[in-house]
Amino acid sequence: MKALIRPIVSLALLGVLFYKLGAAELWGTLRTADLFWLAGGALFVVVAMLISAWKWQLLLVAQGVTVPVQALFGSYLVGLFFNNFLPSNIGGDVVRVHDVAKRTGQGSAVAASVIAERLLAGVALALTAAGALLFSAEYTAQVGPSIGLALLVFAGLIALVMSSGVRRWLERTLPAGRAQILTRVASDMSDALRNRIVVLRVLALSFVFQATVVLVAWAGFIAIGVPVSLQACFLFIPIISAIQLVPVSLNGLGVREGAYILFFGSIGVGRIEAAAASLLFGLLVAGVSLIGGALFAARR
């Protein structure tokens, strides 16, 4: 039931969206999308995945695990495929851990690197969204608390991981086998996160990643002939991405479209155009993730 709730919420939100705006009008807008700009958007998605693979490699190297970045890029694409076509974005991370752990034999270190990369990416996203709010104070009351909560959660999780007291608590409360696995992963994560140079590099790359995500969204608007400025996209997209962290829908589907209409509507973008640009963003990511599906099928 839990696995079904998020897809059901997404379908319900999209159903309301199509009913309110008109499916025919949305489809008509999507059909006008310029293929050149769609290809550019897909290229930005690929660049974002390369940046993510680079971040992952830095955290692995900090734990003494060496894997070529091209191999990590392939694993990231496979994980992206699972994230887009499974009802939980945990699926892709599990696949990535299994993929690289099988290659290296370092299961706990790989799991630690994946979780650490997720946490640092969350901190970078929350900070980027908070920075964007400084230039859009009118939305602070609506989304400021959620962004602040996200920042506290990610920062708090990092602090917990680095706490030796938490590891001792795990050893006391969990069965021996499970406690041993979790404490080993937590210890590996702590080792990686105590490397300040690596953490700063990963955070810097995370900010570059967020900028690349903004370019994907901007390409979607330009593809349908909506001249939204890059400044507006840099203002709104990080906030929208932070809103998508709320785990109520499948990969933010439905929530993202509503947020596009709310934020970009405030600068004069029509509801149909905003929703179409949001759907194009999702389609570009899903389209690139199909490469991961092909890689996964080729391995079987």
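Observations on the structure shown:
- Karplus (6.51, -1.76, 1.60) ³J(HN,Hα), θ = phi - 60°, over segment 57-66, in Hz, Gly and Pro reported as x: 4, 4, 6, 5, 4, 4, 9, x, 10, 10
- Packing-based exposure ordering (other Cβ within 10 Å, fewest first) of 25, 138: 138, 25
- Ellipsoid fit via the Cα gyration tensor, segment 115-185: semi-axes of 34, 11, 8 Å, each the root of five times an eigenvalue, largest first.
- Derived scalar couplings ³J(HN,Hα) [segment 173-181; Karplus, 6.51 cos²θ - 1.76 cosθ + 1.60; whole Hz; x for Gly, Pro]: 9, 9, x, 3, x, 5, 4, 5, 5
- Rounded tilt (10° steps) of 196-223 against the dominant C-alpha axis of the chain: 20
- Relative contact order for segment 24-299, counting Cα pairs under 8 Å that sit 6 or more residues apart, in percent: 32
- On full extension, the segment bounded by residue 85 and residue 98 gains 2.9 nm, given 0.36 nm per residue less the C-alpha separation.
- Cα shape, segment 33-102, gyration tensor, a/c 1.5 rule: oblate
- For the pair residue 134 and residue 290, label points projected 7 Å from Cα toward Cβ lie 4.2 nm apart.
Every number here is computed from the coordinates shown, using simple stated rules; none is lab data. Keep in mind it's a predicted model, so treat the numbers as computed, not measured. Cβ coordinates were reconstructed from backbone atoms using ideal geometry, including for glycine residues, and neighbour counts include every protein chain displayed.
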